[in-house]
Each structure stands twice: as C-alpha cells, then as structure tokens.
Amino acid sequence: MSDASPRILVPAGESMTFRNTVAYAVREARSVAEETGEQATVHFVYPARWQLIDQEEPSAARAEELLDRARVWAETDLDYDEDGRPDEDVPVLVETAVVGQDRYLFSPGDFADVLVEYAHENGLDRVIVDPEYQPGGSAPMLQPFETELARTDLAVEEAPVERRTRRGRLLARASLSKAAATFGAAYVFYLLVGGTFASFDLLTGALTAALAALFFSRVALVESPTLRKTPVRLARACLYVPYLLWEIAKANLSVAYLILHPSLPIDPGMSRFRAAVSGDLPVTTLANSITLTPGTLTVDVGRDGLLVHSLDAGSRDDLAEGALERAVRFLFYGRGAARIPTPTERGSIADEDERGESSD
C-alpha cells in the first residue's frame with residue numbers, strides 16, 4: 001500500500017511536539033488530496049486508560065480538552081496554505097474520538113489494536129505518529145508501539161518535526177518524585193525481606209534502591225507522586241488493608257466449611273469480569289486481591305477483563321456484588337468513586353463456558 005494517502009489517523013497525547021504533528025498531518029492530507037482528488041480526512045484519536053463508567057474522571061476531561069485543541073489547531077492550519085494564502089479549495093475533514101474505554105489497555109500491542117480497529121472502521125489507511133507520543137503515559141513505549149502498528153496493513157510514519165533539545169541532569173526534574181518514590185519503596189522492601197537493620201543491610205539496601213530508582217523509576221510509575229495525592233492514597237490504604245484481611249478471613253471460613261462438609265458442595269466455574277478500574281496498578285491490585293481471597297483466583301487479565309475461577313456459587317455471588325471492586329476504587333479514586341452499580345447491575349460479569357466464551 002502506498003504511503004501517500006489523504007486518510008490519516010493521528011494518535012493523540014500530550015507532548016511538546018503534538019501541535020507540530022497536527023500541522024504536519026493536516027498539510028499531508030491536503031497535499032495528497034490535491035494530487036489524487038480524494039477526500040482528505042484526519043482523525044485525532046485518544047486511546048483511553050479509563051473505563052466507560054468513569055466519564056467524570058480528570059483523565060477523561062483532559063483527553064477531551066486535548067482533542068478540542070487538536071481540532072482548533074487543525075482548523076487554524078487549514079485556513080492558509082504554506083505560502084500564507086487562503087486555501088479553501090481542498091477541504092479536510094477533521095474528526096476526534098476516544099477509543100478503548102471498553103477494554104484494559106496495558107501493552108503497546110493493546111494500544112495499537114484499538115487504533116487499528118478504529119482505522120479499519122473509518123476507512124483510514126495511514127498513521128502519523130507524534131515522535132514524543134507515549135501511549136502508556138510517561139513510560140517509554142513509543143518504539144514497541146510503532147513496531148506493533150507496522151505489523152498491520154496501515155502505512156506508519158513519524159511526523160518529521162523538531163524535538164526540543166533535552167539538556168540537564170540524568171534525572172529530569174519532573175522525574176525526581178518518581179525516583180524518590182521508587183527508591184523509598186525499594187529500600188523499605190529490601191529491609192523488610194532482609195529482616196535486619198545491620199549496617200551492611202542498610203548500605204546494600206540503599207545501593208540496591210538507588211539502582212532501582214535510576215533504571216526503573218520511569219517505568220515503575222505512570223504518574224509522578226505528589227504531596228497532595230500520595231498521603232491521601234496511603235491513608236486509604238490503611239483502611240483498605242484491614243478490609244482485605246477481613247474479606248480473606250471470611251473467605252477462609254467459607255472454604256473450610258466446603259472442605260469439611262460431608263457432601264463437599266463445590267461448584268467450580270469461570271467468570272469474565274470487566275471491572276470498573278483501569279491502569280496497571282489498580283487492575284493489578286484488584287486481580288491480586290481476588291486471588292488472595294480463598295475461593296476465587298484471577299486466572300488471566302486481558303483486554304476483555306479479568307478471567308476469574310471461583311470454587312462455588314457463593315464466591316461468584318460475592319464477586320458479582322462488587323465489594324472488592326468498590327474497595328479498590330475507593331483506594332485509588334476516592335470515596336465518591338466507590339458508589340457505583342454492582343457488576344451484575346452493569347452487566348459486566350458473565351459466566352464462561354468450557355471453550356472460554358461468555359454465556360448468558
């Protein structure tokens with residue numbers, strides 16, 4: 001397929017070069033349309049890391065604001081040609097969209113898949129990528145993301161825009177909070193595992209934590225910790241951990257009853273659970289919390305939700321009531337986020353048959 005197509009998709013994300021990428025995509029669409037006589041179309045598409053139930057989440061508002069800016073920039077660039085003269089002979093259709101709210105997006109392949117599906121649905125066959133676009137937030141995922149896109153039938157290119165020169169120290173100022181948080185977490189974990197506070201352990205722990213902060217702080221945390229959010233989240237964690245321990249204790253008693261009952265009334269089954277949490281850490285917390293609770297086991301986490309094995313109907317009922325889900329939402333999003341319909345009421349949980357297909 002020829003790269004020269006006026007039907008262009010641009011993944012949208014905050015960056016210093018996104019404005020220039022918008023201008024380049026619009027110019028390219030208009031230029032090719034002039035030569036081919038086709039309709040020039042540019043779609044700015046934002047892959048979401050939140051769920052449909054969280055339309056009020058700040059990330060959703062920021063995404064809509066970014067897409068609005070992209071539309072304004074595109075329409076501004078369409079007013080004049082490269083020589084500064086009005087250019088109304090070659091109209092360019094500009095569209096914006098948010099995709100992926102019905103999935104869990106983790107890997108570069110997940111982000112690429114939702115964009116490719118959107119491109120096919122809307123007849124787009126060319127992708128122009130901002131050279132500083134990061135689908136996973138601040139984690140460096142651009143190269144594998146482009147590799148995944150290149151495996152499809154879409155023509156993929158990076159916008160040839162100038163990047164701002166990066167100067168300064170090895171750790172940028174914006175990354176210091178991530179480095180400090182990574183260092184602290186790694187240091188505490190090292191000392192807890194070691195079980196001693198001897199001078200040698202303190203020294204080697206500090207060295208190990210420093211190396212972890214240096215090499216992994218950018219990928220360990222998607223967002224930089226802040227003095228406003230982090231203490232509040234830690235306070236919520238102090239409430240969440242006892243609650244989780246209480247749920248584990250109740251589940252242990254339930255499993256003990258099943259084991260000791262003469263007829264062993266177990267009824268194992270698999271459920272597909274599309275929880276109302278998103279992002280690596282919240283989803284991982286929920287998946288591990290389900291696994292830690294006897295009677296349920298998170299078998300897999302994919303784009304279509306969590307695949308959970310349950311030991312009996314009671315365990316499935318507890319999962320469908322969404323108590324753990326609401327607790328995890330409280331932990332990461334606050335008290336207001338915990339007041340949501342249950343998975344059953346939302347229709348976001350279903351039994352799986354033996355072939356792994358959802359059954360009504």
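The values are calculated or read from the model by the stated rules, or taken from the named source; none is laboratory data. Here the structure is a predicted model, which is why all the values come from computation and not from measurement. Cβ placement follows ideal geometry from the backbone for every residue including glycine, while neighbour counts extend to all protein chains displayed.
Filtered by the rule that a residue be within 21 Å of residue 248 (Cβ to Cβ) and assigned to a loop (DSSP other than H, G, I, E, B), segment 268-297 gives 268, 275, 277, 293, 294, 295. Just one of (1) assigned to a helix (DSSP H, G or I); (2) under 19 Å from residue 146 (Cα atoms); (3) modelled with pLDDT of 90 or more; (4) in contact with an Asp or Glu (Cβ under 8 Å, 6 or more places away or on another chain) fails for residue 23. It is (2).
What do you reckon, is residue 190 modelled with pLDDT of 85 or more, surrounded by 15 or more Cβ atoms within 10 Å (Cβ to Cβ), of a type outside the set (D, E, K, R) and in the same structural domain as residue 335 (by TED's automatic domain parsing)? Judged against the criteria, residue 190 is not a match. Taken over segment 320-353, the residue count meeting the criterion of being surrounded by 21 or more Cβ atoms within 10 Å (Cβ to Cβ) and at positive phi is 1.
Listed by first and then second residue, the pairs linking a residue in segment 47-66 that is assigned by TED's automatic domain parsing to the domain that holds residue 15 and buried (at least 20 other Cβ atoms within 10 Å of the Cβ) to a residue that is among the aromatic types (Phe, Trp, Tyr) and at pLDDT 80 or above, with Cβ atoms under 7 Å apart and 6 or more places separating them unless they lie on different chains, are 47/111; 63/46. Tell me, which residue of segment 203-257 that is aromatic (Phe, Trp, Tyr) and more than 22 Å from residue 310 (Cα to Cα) is surrounded by the most Cβ atoms within 10 Å (Cβ to Cβ)? By that ranking, first place goes to 240. Based on this model, can you work out whether residue 295 counts as surrounded by fewer than 19 Cβ atoms within 10 Å (Cβ to Cβ), small (Gly, Ala, Ser) and not assigned by TED's automatic domain parsing to the domain that holds residue 48? Taking the combined requirement at face value, the residue does not satisfy it. Across segment 327-347, the number of residues qualifying as closer than 20 Å to residue 59 by Cβ and either modelled with pLDDT of 90 or more or not in a helix (DSSP H, G or I) (or both) comes to 8.
Has segment 70-79 got at least one residue that is at pLDDT 80 or above and either in contact with an Asp or Glu (Cβ under 8 Å, 6 or more places away or on another chain) or of a type in the set (S, T, N, Q) (or both)?
Step one: list which residues in segment 70-79 are at pLDDT 80 or above, which gives 70-76.
Filter again for either in contact with an Asp or Glu (Cβ under 8 Å, 6 or more places away or on another chain) or of a type in the set (S, T, N, Q) (or both), leaving 76.
Yes: segment 70-79 contains one or more residues that are at pLDDT 80 or above and either in contact with an Asp or Glu (Cβ under 8 Å, 6 or more places away or on another chain) or of a type in the set (S, T, N, Q) (or both).
What are the residues in segment 252-267 that are out of contact with any Leu (no Cβ under 8 Å at 6 or more places or on another chain) and in a helix (DSSP H, G or I), if any? If the condition is that a residue be out of contact with any Leu (no Cβ under 8 Å at 6 or more places or on another chain) and in a helix (DSSP H, G or I), then 252, 253, 254, 256, 257, 259, 260 are the ones that fit.
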